[in-house]
Every structure is written in structure tokens, then in C-alpha cells.
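What follows is a set of notes on a single structure, which appears directly below.
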Ligand SMILES: C[S@@+](CC[C@H](N)C(=O)[O-])C[C@H]1O[C@@H](n2cnc3c(N)ncnc32)[C@H](O)[C@@H]1O
């Protein structure tokens with residue numbers, strides 16, 4: 001097939017608008033086949049080689065099954081940088097960029113603070129902060145060895161100086177360290193609502209998405225317990241939360257007595273971000 005025939009084949013197979021199908025086709029050409037998408041307009045008879053033909057067809061079949069494009073190309077742009085992603089980590093979301101921006105806005109580039117990102121996944125939060133707030137001492141922590149491998153790839157690719165540790169939020173933190181800032185986007189989806197959730201999360205790791213079935217606030221309690229022992233006295237916690245459980249979240253806070261609680265809406269108008277000051 002030539003490039004135009006291939007584009008039209010994508011259009012006919014994908015259940016999306018032509019504009020979206022063309023976008024996907026162009027990304028695959030560029031990222032996986034090293035073919036400049038401009039050829040579609042400038043060289044419509046350009047013949048796709050058999051090896052690229054195979055790659056495009058196999059990617060198309062994945063896309064038909066709602067497999068995420070970001071996993072196919074192993075890349076997701078987040079806060080101005082390309083992060084390597086694979087099935088071991090959550091695909092970074094745009095609302096999480098707003099949480100990162102909040103920390104950056106609250107601090108000066110010269111500040112020297114210790115920050116820990118709990119449940120780091122790809123490392124997108126901590127690495128993005130460390131690249132802007134260059135004097136910050138940033139630690140990334142996750143329970144998943146596979147996610148930590150992805151963190152390490154991103155640390156190297158993006159030339160970052162973060163520290164990476166394996167840590168299970170359900171256990172005592174044995175490193176004798178105090179942090180000024182804790183940031184986390186923990187697993188917060190409600191498993192009982194699984195069927196109502198968009199089916200393209202089907203390919204993301206269960207451990208990154210879902211809170212324990214009987215306790216959707218479980219990880220928030222663990223983070224607050226962690227903060228009780230490991231957060232400096234006037235520290236802050238920045239969290240992404242499930243907008244559905246705001247009341248339960250407020251109830252949980254009573255025991256931990258923060259000095260100040262600020263909720264923020266994400267760009268979709270959902271109360272999804274919160275900052276706790278102690
Ligand atoms: C929602 S993902 C967030 C990933 C990344 N921070 C982001 O915002 O894209 C939650 C992360 O928490 C990690 N996690 C799950 N259970 C954990 C536990 N018990 N202790 C530490 N991390 C955990 C998962 O492996 C996953 O990487």
C-alpha cells in the first residue's frame with residue numbers, strides 16, 4: 001500500500017473521526033517507522049516498506065482493541081518532557097500536571113527543600129518538579145519494582161538527579177528522614193465502580209488504579225500516617241483525590257488536624273487537587 005491508501009485504511013478501521021484517525025496514523029509513522037508524516041501531503045504515492053507495513057498493521061489492531069497509543073509508542077508528554085511509559089505504569093494525566101504546577105508556584109527556584117513523591121509510577125511528578133526547582137532534594141518511592149525500572153529510565157533519559165527507592169506505603173518508613181513536602185497521586189479508583197470507568201484504563205496496572213475494595217480512602221490514611229512521622233512540622237502535602245470521596249476525605253482529616261486545607265478544581269472543573277498545610 002502507498003501512504004495515502006494506508007491512511008484511508010486506518011480511517012476505515014478505526015471507530016473515530018477522520019481527524020483523530022489521521023492524528024494516530026501520523027504519530028505511528030513518525031514514532032515507529034521514522035517516516036515524516038508530511039509525505040502524506042507531499043508524496044502521496046510513497047510506498048510503505050513491508051517491515052513498516054507490519055508495524056502499522058499490528059499497531060492498528062491494538063488501537064482497535066482500545067490499547068493506549070502512548071503504550072504503543074512508549075511515550076507520553078508531561079510537563080514539557082517526554083516520559084517513557086509501558087504497561088507497568090499509569091499513563092501520566094494532564095490533571096496531574098496541575099498538581100506539579102501548584103508545588104512550583106508555591107516555591108522559588110532557589111528553595112532547598114526535601115520532597116517525596118509517594119507512588120511515583122513513571123516518575124513524572126517528582127522528575128518534573130526536580131527539573132524546575134533545581135535545589136530540591138527529590139525522592140521517588142513506589143512499591144512496584146517494574147514501575148521503579150521505568151522511573152530509572154526516565155531519570156536517565158531526562159538527566160535528573162532524583163533518588164529512587166522501593167517503598168510500600170503499608171509499611172513503616174525506616175529511613176530516618178524528614179521531608180518538607182509530600183506529594184502523591186495514589187491509586188484512588190473505586191473498584192466497585194469498575195464497569196462505569198472508561199475501558200481504556202483496562203490496560204493500565206491494577207495496582208496503580210484501584211484502592212482496596214472495602215476502603216477507597218486507604219492510601220490517603222497511609223499517606224497521612226506517613227506524614228505524622230516523616231513530615232517536617234510546617235510541611236505541606238499535595239494530593240490528587242477522587243472527587244467522589246471529598247466528604248470522606250474531609251472526615252479522615254479531622255484526626256490529622258492540618259492548619260489549612262485548600263481544594264482546587266482540575267481543568268475539567270472537578271475538585272481533584274488538595275493541599276494540606278501543617
Ligand atoms: C495512580 S498511580 C500514580 C503514578 C504517577 N505518580 C502519576 O501520577 O502518573 C499510583 C502509583 O502508586 C503505586 N502504589 C500502589 N500501591 C502502593 C503501595 N502500597 N506503596 C507504594 N506505592 C504504591 C503504584 O505502583 C502506582 O505507580
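Taking (1) closer than 30 Å to residue 69 by Cα; (2) in contact (Cβ under 8 Å) with a residue 24 or more places away in the chain in turn, residue 206 satisfies each apart from (2).
Counting only residues that are within 12 Å of the ligand (Cβ to nearest atom) and assigned to a helix (DSSP H, G or I), the stretch 200-220 holds 7 of them.
For residue 169, the conditions (1) touching a strand residue (DSSP E or B) at 6+ places or on another chain (Cβ under 9 Å); (2) more than 9 Å from the ligand (Cβ to nearest atom); (3) farther than 30 Å from residue 62 by Cα all hold with the exception of (2).
Going by the conditions given, is residue 121 within 11 Å of the ligand (Cβ to nearest atom), free of Cβ contacts under 8 Å to residues at least 60 places away in the same chain, in the same structural domain as residue 234 (by TED's automatic domain parsing) and surrounded by 17 or more Cβ atoms within 10 Å (Cβ to Cβ)? So residue 121 fails the test. Can we say residue 67 is part of a loop (DSSP other than H, G, I, E, B) and more than 11 Å from the ligand (Cβ to nearest atom)? Criteria met by residue 67.
Residue count for the stretch 1-49 under the criterion of being in contact with a helix residue (DSSP H, G or I) (Cβ under 6 Å, 6 or more places away or on another chain), more than 21 Å from residue 76 (Cβ to Cβ) and part of a loop (DSSP other than H, G, I, E, B): the result is 4.
Scanning the stretch 129-166 for residues that are within 13 Å of the ligand (Cβ to nearest atom), crowded, with 18+ Cβ neighbours inside 10 Å and outside any helix (DSSP H, G or I) yields 138, 139, 140, 141, 142, 144, 162, 164.
This table checks each residue for (1) more than 18 Å from residue 23 (Cβ to Cβ); (2) surrounded by fewer than 21 Cβ atoms within 10 Å (Cβ to Cβ); (3) in the same structural domain as residue 184 (by TED's automatic domain parsing); (4) away from the ligand (no atom under 15 Å from the Cβ).
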residue	(1), (2), (3), (4)
59	no, no, no, yes
85	yes, no, yes, no
98	yes, yes, yes, no
108	yes, yes, yes, yes
116	yes, no, yes, no
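Take the residues of the stretch 183-203 that are over 21 Å from residue 68 (Cβ atoms) and at pLDDT below 95: which is surrounded by the most Cβ atoms within 10 Å (Cβ to Cβ)? Among those residues, the one meeting the criterion is 190.
The values are calculated or read from the model by the stated rules, or taken from the named source; none is laboratory data. Note that this is a predicted model, so its numbers are computed, not measured. Counting neighbours? That spans all protein chains shown, and the Cβs are built from the backbone with ideal geometry, glycine included.
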